[in-house]
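Trainee: Quick one: this structure, given as structure tokens, is what I'll be asking you about.
The values are calculated or read from the model by the stated rules, or taken from the named source; none is laboratory data. Computed from a prediction, not measured in an experiment: that's the story for all the values here. Virtual Cβ from ideal backbone geometry, glycine too; neighbours counted across all protein chains shown. The area values use the complete protein model at the heavy-atom level, side chains included, leaving out ligands, DNA and RNA. Shrake-Rupley method; radii C 1.70, N 1.55, O 1.52, S 1.80 Å.
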Amino acid sequence: MLPPFRLVRPSRLEDALDALGEDSSAYCGGTELLLGMRAGLHRPDALVDVKRLDELAGVALDGETLVIGARETHMDLAVQPLVTEHLPMFARVEHKVGNARVRAQGSVAGNLCFAEPKSDVGTALIAYGASVTLVAAGDQRREVTVQDFIVGPYYAEKEPEELVLDVRVPVPTPGTRAVYLKYQIMERPTLGVALVEDRDAGRTRLVVGAVGEIPAVWDVDAPGDLDPDAVAAEVDPTPDLTGSERYKRHVTAVYVRRAVEALSKVGAR
Ligand SMILES: Cc1cc2nc3c(=O)[nH]c(=O)nc-3n(C[C@H](O)[C@H](O)[C@H](O)COP(=O)(O)OP(=O)(O)OC[C@H]3O[C@@H](n4cnc5c(N)ncnc54)[C@H](O)[C@@H]3O)c2cc1C
């Protein structure tokens, strides 16, 4: 049973921000929030429904940045034309999030704000060098990289009175190649490996997610500089029902090796 709460359904961003605070929570798809409330882990006095806010919707190009509205769902992003054109790896990740219900209801911002360790979305977005825009009452805005935003398990760099407005991804240069490999035993990923190579800039980023508490990042000049065994030794796996620490290190080495191989076979972007 859900505990009692007040539901606020603003259609203006200012009203939503005024309603947010210590005793209230933003509510988008509810896929994580309502589970937590049903389990008695979270008891906000009010939920502030952000699904009617136009400012949190849509995907658009702003110069060399792709701006993704916070309330966009995984299902919509998987087929959104600007996303499939500029971030095809991210579109494929979104296509494989959870199950059909989670993809239809769950939002990109809800995923990042909940900071569930067994996630793909943050891992992929960090590999692309993405940021989030946060807004508070009085139109106070700040931008935080997704890497800095995901601080710990179930802990994001966000004040209770702040909303995520959008996710900003630098548009990859034409020579960029990207792959994401996911290893999954239960309904959420056990391991996610994102590899993005910007050949024009001579820069490669590897992000290993889901295996530990937060995504781990390596920046190198080229994919060939990555040593899968060294990466596996450096990750900090959480032992659980999906594997021991030793097993997860082994799978990490295997998947990083496969990602480097796969990258050499994919086309640009
Ligand atoms: C069964 C299952 C399987 C899943 N599998 C995967 C998977 O394979 N890969 C993966 O990456 N993820 C997976 N997920 C996670 C899923 O992506 C998230 O549940 C979903 O994206 C959360 O979005 P939501 O809109 O439902 O968030 P909500 O549940 O509405 O909110 C989650 C949290 O974010 C806050 N919040 C929401 N929107 C905002 C905003 N705009 N600004 C500030 N705070 C906000 C809420 O207050 C709450 O704390 C899975 C989840 C489930 C339940």
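Trainee: Please enumerate the residues belonging to the stretch 66-79 that are open to solvent by 40 Å² or more (accessible area, probe 1.4 Å) and touching a strand residue (DSSP E or B) at 6+ places or on another chain (Cβ under 8 Å).
Mentor: Going through the stretch 66-79, the residues open to solvent by 40 Å² or more (accessible area, probe 1.4 Å) turn out to be 71, 75-76, 79.
Of everything in the stretch 66-79, just one residue is open to solvent by 40 Å² or more (accessible area, probe 1.4 Å) and touching a strand residue (DSSP E or B) at 6+ places or on another chain (Cβ under 8 Å), namely ARG71.
Trainee: Does the stretch 227-269 hold any residues that are in contact (Cβ under 8 Å) with a residue 40 or more places away in the chain, open to solvent by 20 Å² or more (accessible area, probe 1.4 Å) and of a type outside the set (S, T, N, Q), and which are they?
Mentor: Residues satisfying the conditions are LEU241, TYR255, ARG258, VAL260, ALA262, VAL266, GLY267, ALA268, ARG269.
Trainee: Just the residues that are among the small types (Gly, Ala, Ser), more than 20 Å from ASP219 (Cβ to Cβ), more than 12 Å from the ligand (Cβ to nearest atom) and not in a strand (DSSP E or B), please, taken from the stretch 115-160. Break it down into steps so the answer makes sense when it comes.
Mentor: Initially, the stretch 115-160 is screened for residues among the small types (Gly, Ala, Ser), giving 115, 119, 122, 124, 127, 129-131, 136-138, 152, 156.
When the remaining residues are screened for being more than 20 Å from ASP219 (Cβ to Cβ), the result is 115, 119, 136-138, 152, 156.
Subsequent filtering for residues that are more than 12 Å from the ligand (Cβ to nearest atom) retains 137-138, 152.
ALA137, GLY138 - these are the residues of the stretch 115-160 that are among the small types (Gly, Ala, Ser), more than 20 Å from ASP219 (Cβ to Cβ), more than 12 Å from the ligand (Cβ to nearest atom) and not in a strand (DSSP E or B).
Trainee: Which condition number does ARG43 fail, the rest of (1) open to solvent by 20 Å² or more (accessible area, probe 1.4 Å); (2) in contact with a Cys (Cβ under 9 Å, 6 or more places away or on another chain); (3) of a type outside the set (A, V, I, L, M) being met?
Mentor: The number of the failed condition is (2).
Trainee: Any idea how many residues of the stretch 1-33 are open to solvent by 20 Å² or more (accessible area, probe 1.4 Å) and more than 10 Å from the ligand (Cβ to nearest atom)?
Mentor: Summing the residues that are open to solvent by 20 Å² or more (accessible area, probe 1.4 Å) and more than 10 Å from the ligand (Cβ to nearest atom) in the stretch 1-33 gives 16.
Trainee: Go through the stretch 47-57 residue by residue and tally those that are crowded, with 16+ Cβ neighbours inside 10 Å and outside any loop (DSSP other than H, G, I, E, B).
Mentor: Counting residues in the stretch 47-57 that are crowded, with 16+ Cβ neighbours inside 10 Å and outside any loop (DSSP other than H, G, I, E, B) gives 5.
Trainee: Exactly one condition in (1) open to solvent by 10 Å² or more (accessible area, probe 1.4 Å); (2) in contact with a Gly (Cβ under 9 Å, 6 or more places away or on another chain); (3) within 15 Å of the ligand (Cβ to nearest atom); (4) not polar (S, T, N, Q) is not met by ALA60; state its number.
Mentor: It is condition (3) that ALA60 fails.
Trainee: Residues of the stretch 121-176 being farther than 29 Å from ASP198 by Cβ and touching a Gly at 6+ places or on another chain (Cβ under 7 Å), which ones?
Mentor: PRO160, GLU161
Trainee: Assuming PHE114 fulfils every condition listed in (1) more than 11 Å from the chain's Cα centre (by Cα); (2) open to solvent by 50 Å² or more (accessible area, probe 1.4 Å) apart from one, which condition is it?
Mentor: (1)
Trainee: Evaluate the following for VAL121: is it closer than 18 Å to GLY98 by Cβ, buried (at least 18 other Cβ atoms within 10 Å of the Cβ), β-branched (Val, Ile, Thr) and in contact with a helix residue (DSSP H, G or I) (Cβ under 7 Å, 6 or more places away or on another chain)?
Mentor: The answer is yes for VAL121.
Trainee: A follow-up question, please. Go through (1) of a type outside the set (A, V, I, L, M); (2) within 14 Å of the ligand (Cβ to nearest atom); (3) outside any strand (DSSP E or B); (4) within 24 Å of ASP15 (Cβ to Cβ) for PHE90 and report which single condition fails.
Mentor: Only one criterion in (1) of a type outside the set (A, V, I, L, M); (2) within 14 Å of the ligand (Cβ to nearest atom); (3) outside any strand (DSSP E or B); (4) within 24 Å of ASP15 (Cβ to Cβ) is unmet by PHE90, namely (4).
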